[in-house]
Amino acid sequence: MTTTNLPPPGDLPEIAVDPAAFRHLADAQVNVELDTGDMVLNIGPQHPATHGTLRLVVRLDGERVVSADPIIGYMHRGYEKLTEFRTYPQITTLINRIDWLSSFANEVPFIEAAEHLMAIEAPPRAQYLRTILTELSRIATFLLFLGEMGLQVGAITPAFYGFRDREYVLNLIEAVTGGRFHPNFNRIGGIKDDLPWGWISECRGVMNKTLASCDEFDDLVVGNPIFQKRTRSIGIIPRELGAAYGVSGSNLRASGVDWDLRRDGPKYLVYDELDWQVWTHPDGDSFSRYWVRLQETRESARMVLQMLDQMPSGPLMAKVPRIIKVPEGEVFVNTENPLGEMGYYVISKGATGPFRTKIRSASFSNVSILPWLLRGVYVPDIVTILASLYFILGDIDR
Amino acid sequence: MTAIEIGWGTTLAIKTVIVLGIVPLTALILGYVFLLKMMSHMQSRLGPMDPGGFHGWYQLIGDGIKFLQKEDIMPGEADRRVFALAPAIVVLSTFLVFVVIPAGPRVSVASLDSAPFAKGAFDGVGVFYALAVSSLSVIGVLMAGWASSNKYALLGALRAAAQLIAYELPLVLAVVGVVIQTGTMSLQGIVSFQQHGSLFGWSGVGFPLILTQFVGFALFMVAAQAELTQPPFDMPVAESELVAGYMVEYTGFRFLFFFIGEFGTAFAFAALAATLFLGGWSVPWVHGTAADFLGPVVLFAKVMFVAFLMFWARFTYPRFREDQLQAIAWKWLIPVALANILLTGVLKVAF
């Protein structure tokens, strides 16, 4: 007979959890007079509000959030490391999967970085096609958001309208690239194929439909008093704090920062040839984030309509060698993606693949403000704030 | 013609069978017509319109089969008896409401008007009974949330309790106006008041009480929406926050019970609203035995109309937050209901 030193199952000592160990999460003191003890609630990794596998450890006092701690990394796929073992043309396949809702927009900064190092420029028609497809993926992403946000605050109908209208746009992208989600269509020095026959008139119709459906969202969601009650002055990101946390894109513009890389960054694609405006909202709350994205969807649709009118003809590919070797050097290219600012820092040692790549993804920075933002709100507001920040888990974890 | 003598026991058995059959049937009808068909049309859903060929008629049967063959899972830490009993109590409350709803002059399970305790200031206790038993479901909901040993379920159950208690009051107060105007608490009495009334001397449609009690009707609909935990008041089940609230641990047949309870109660509340405000089973110029046969059809049509309003709101609106919900109940609905009662009382005395 062998004996073990372990105590029998029932007699295991209680592990004393020092409450002070949790104090570092936040120092919000809610309901001091009537201290009722907190409940720790795990929201996620599988939860309808987290768009994937984000985990939020939330300490609740009743329905109030005392502290919230986002835990990321459940979807880490190591793309930064993987790029070191792929050639440049292969990498677009990987980075399609970072922010899977607007895959085409992901490809652009990486391809631009490689082109920048090789000192080649894509011909004008390719630039136009890239811009059109980028804006189409922006529209598709935002249409999903416009519906999804409605769903997260409890209205079922907008979600289905969002999915329906997004499908038209995805069909357009599929008609050009062959892939609804992962187009893998950019090539260093240009773009793979021209538009299919009849696509331009089709696209015009869909863009007009998109503008109409934006009006529908305006009526159904933005104009809804309950929606306004749920989102106004919920999750306010102050201007300076948002900038300090590195929040970018529509989230930052909704806080009143007039900053859009398409206009303010170094020139990329053909945005300077178009007549468009950057939308901002002074409030910085969940409602303004919704409103800004709604306006940007309209603006993108108008931009696509403009580009369809003024698209030049010409070749689609610049002259590139058959085996692409990028000269030695390093470059950082960042672009305005639907979720915010996305950048690639590429170091090349003259080989067929990059030596190192650092991906600056928008959602990672956008989510970093969550612990600050979620203190003291109610449980339903967690969902509103998560939805209005609009992150993609692939974009956080890469 | 001699009346057929039916014994007490046989009558009870027939009534039990009818009620046991009718409550799930109404739930299925509402689920089919509104949840599957109307919702699909409104939201351009393709799935529920597909199975079976014509208009997706097979979808509900498929759903039912799916529920029946699902594994019955009980959480390891659950309070087993309470967990198993909770869905039954929720459905029980639905069944009990159906008891008093009249569908014709003689078509109702029990009007409770001749009960010994019903003799008092008011003639009958139908309204009182219906509103009382409809709130029994909160016990089942609390039991479900507590016994699941799940934090989401607990949050949902506590929300449900707070919500159902808060909205019980405007629901009752909204009906008080009707009771004052008709002078009876018997549902049959209220229906016959509406049937025999006349509109400026024209008795074509009787006198549906919604003409004078429109405020009460609006309050009743809002409060009923909250009692049913439907959007915009569906915080107890808020699927984007609490996954499924107090139902989160329930599967298969037990979940089906909650489903039947939800839609059966929706039907019961719609029937109450139709009876109290829209004239119930009453058909102009039809009395006696003919009304017994026509009454259920008329009541059903009115119920479907009221249910349409309920589900329309359900599919369109976002949900409130818990504190906003309480604010609406205590700051708006109850004062308005009290003002309505006051006005009705003054007018009753004046005319």
Is it true that A:R164 is modelled with pLDDT under 90, basic (K, R) and within 30 Å of B:T229 (Cβ to Cβ)?
yes
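Quick test for you: out of B:G216, B:G156, B:G145, pick the one residue that is over 30 Å from B:A84 (Cβ atoms) and either more than 14 Å from every other protein chain (Cβ to nearest Cβ) or in a helix (DSSP H, G or I) (or both).
Values: B:G156 fails: over 30 Å from B:A84 (Cβ atoms); B:G145 fails: over 30 Å from B:A84 (Cβ atoms).
Answer to the selection: B:G216.
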Restricting to the stretch A:62-75, give me the number of residues that are part of a strand (DSSP E or B), surrounded by fewer than 20 Cβ atoms within 10 Å (Cβ to Cβ) and away from every other protein chain (no Cβ under 12 Å).
2
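So which residues in the stretch B:30-47 are in a helix (DSSP H, G or I) and either among the β-branched types (V, I, T) or more than 9 Å from chain A (Cβ to nearest Cβ) (or both), if there are any at all?
Of the residues in the stretch B:30-47, the ones in a helix (DSSP H, G or I) are B:30-43, B:47.
If the condition is that a residue be in a helix (DSSP H, G or I) and either among the β-branched types (V, I, T) or more than 9 Å from chain A (Cβ to nearest Cβ) (or both), then B:L30, B:G31, B:Y32, B:V33, B:F34, B:L35, B:L36, B:K37, B:M38, B:S40, B:H41, B:G47 are the ones that fit.
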Counting only residues that are crowded, with 18+ Cβ neighbours inside 10 Å and within 14 Å of another protein chain (Cβ to nearest Cβ), the stretch B:325-337 contains a total of 2
Which pairs turn up if I take residues in the stretch B:291-305 that are touching a residue at least 24 places away in the same chain (Cβ under 8 Å) and look for partners that are of a type outside the set (S, T, Y) and part of a helix (DSSP H, G or I) with beta carbon separation below 6 Å, at least 6 apart in sequence or on another chain?
B:K302/B:A274; B:V303/B:A270; B:V303/B:A271; B:V303/B:A274
Has the stretch B:175-194 got any residue that is under 17 Å from B:S135 (Cα atoms), of a type outside the set (S, T, Y) and surrounded by 23 or more Cβ atoms within 10 Å (Cβ to Cβ)?
yes
Determine which member of the set A:L241, A:L220, A:L211 is in contact (Cβ under 8 Å) with a residue 40 or more places away in the chain, among the aliphatic types (A, V, I, L, M), farther than 21 Å from A:E296 by Cβ and assigned to a helix (DSSP H, G or I).
A:L241
Considering only the stretch A:244-270, state which residues are more than 18 Å from A:R293 (Cα to Cα) and assigned to a helix (DSSP H, G or I).
A:A244, A:Y245, A:D264
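Whether any residue in the stretch B:44-55 is farther than 25 Å from B:A307 by Cβ and in contact (Cβ under 8 Å) with a residue 60 or more places away in the chain is what I want to check. Lay out the reasoning, then the answer.
Quick first cut of the stretch B:44-55, residues farther than 25 Å from B:A307 by Cβ only: B:53.
Restricting the remaining residues to those that are in contact (Cβ under 8 Å) with a residue 60 or more places away in the chain gives none.
No, the stretch B:44-55 contains no residue that is farther than 25 Å from B:A307 by Cβ and in contact (Cβ under 8 Å) with a residue 60 or more places away in the chain.
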For the stretch A:172-187, name all the residues that are of a type outside the set (G, A, S) and in contact (Cβ under 8 Å) with a residue 24 or more places away in the chain.
A:L172, A:I173, A:V176, A:T177, A:F181, A:H182, A:P183, A:N184, A:F185, A:N186, A:R187
Quick one: is B:F263 in contact (Cβ under 8 Å) with a residue 60 or more places away in the chain, among the aromatic types (F, W, Y), within 14 Å of chain A (Cβ to nearest Cβ) and crowded, with 24+ Cβ neighbours inside 10 Å?
no
Need at least 3 residues that are β-branched (V, I, T), away from chain B (no Cβ under 14 Å) and out of contact with any Gly (no Cβ under 7 Å at 6 or more places or on another chain) per element, so show me which strands (runs of 3 or more DSSP E) inside the stretch A:304-398 make the cut, counting only ones lying wholly within it.
none
Checked the stretch A:262-293 for anything closer than 29 Å to A:Q152 by Cβ and either in contact with a Ser or Thr (Cβ under 6 Å, 6 or more places away or on another chain) or crowded, with 23+ Cβ neighbours inside 10 Å (or both); matches are A:H281, A:G284, A:D285, A:S286, A:F287, A:S288, A:R289, A:Y290, A:V292, A:R293
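Filter the stretch B:229-247 for residues that are more than 9 Å from chain A (Cβ to nearest Cβ) and surrounded by fewer than 23 Cβ atoms within 10 Å (Cβ to Cβ); which is farthest from A:A387 (Cα to Cα)?
Among those residues, the one meeting the criterion is B:Q230.
Do we have any residue at all in the stretch B:283-305 that's small (G, A, S), closer than 19 Å to B:V100 by Cα and within 20 Å of the chain's Cα centre (by Cα)?
The initial filter retains those residues of the stretch B:283-305 that are small (G, A, S), namely B:288, B:290-291, B:295, B:301.
When the remaining residues are screened for being closer than 19 Å to B:V100 by Cα, the result is B:291, B:295, B:301.
Retained after the next criterion (residues that are within 20 Å of the chain's Cα centre (by Cα)): B:295, B:301.
Among the residues of the stretch B:283-305, at least one is small (G, A, S), closer than 19 Å to B:V100 by Cα and within 20 Å of the chain's Cα centre (by Cα), which makes the answer yes.
For the structure I just gave you, tell me whether B:T265 is at pLDDT 80 or above and over 19 Å from the mean Cα position of the chain (by Cα).
On the way: at pLDDT 80 or above: yes; over 19 Å from the mean Cα position of the chain (by Cα): no.
Spelling it out, it is not the case that B:T265 is at pLDDT 80 or above and over 19 Å from the mean Cα position of the chain (by Cα).
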Against the condition at pLDDT 85 or above, over 24 Å from B:M39 (Cβ atoms) and more than 14 Å from chain A (Cβ to nearest Cβ), how does B:L294 come out, does it pass?
no
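So how many residues does the stretch B:306-317 have that are within 10 Å of another protein chain (Cβ to nearest Cβ) and either under 13 Å from the mean Cα position of the chain (by Cα) or of a type in the set (V, I, T) (or both)? It would help to see each step written out before you state the result.
Taking the stretch B:306-317 and keeping what is within 10 Å of another protein chain (Cβ to nearest Cβ), we get B:314-317.
Checking the rest, the ones that are also either under 13 Å from the mean Cα position of the chain (by Cα) or of a type in the set (V, I, T) (or both) come to B:316.
Number satisfying all stated conditions: 1.
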Residue by residue through the stretch B:5-28, note down the ones that are touching a residue at least 12 places away in the same chain (Cβ under 8 Å) and of a type in the set (D, E, K, R).
B:K15
Can we say A:R230 is within 20 Å of the chain's Cα centre (by Cα) and charged (D, E, K, R)?
no
Qualifying residue in the stretch B:268-283 (condition: crowded, with 20+ Cβ neighbours inside 10 Å, of a type in the set (S, T, Y) and closer than 26 Å to B:M143 by Cβ):
no
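The values are calculated or read from the model by the stated rules, or taken from the named source; none is laboratory data. Everything numeric in this text was worked out from a predicted model, so none of it was measured. Here the Cβ is made from the backbone with ideal geometry for all residues, glycine too, and neighbour counts use every protein chain on show.
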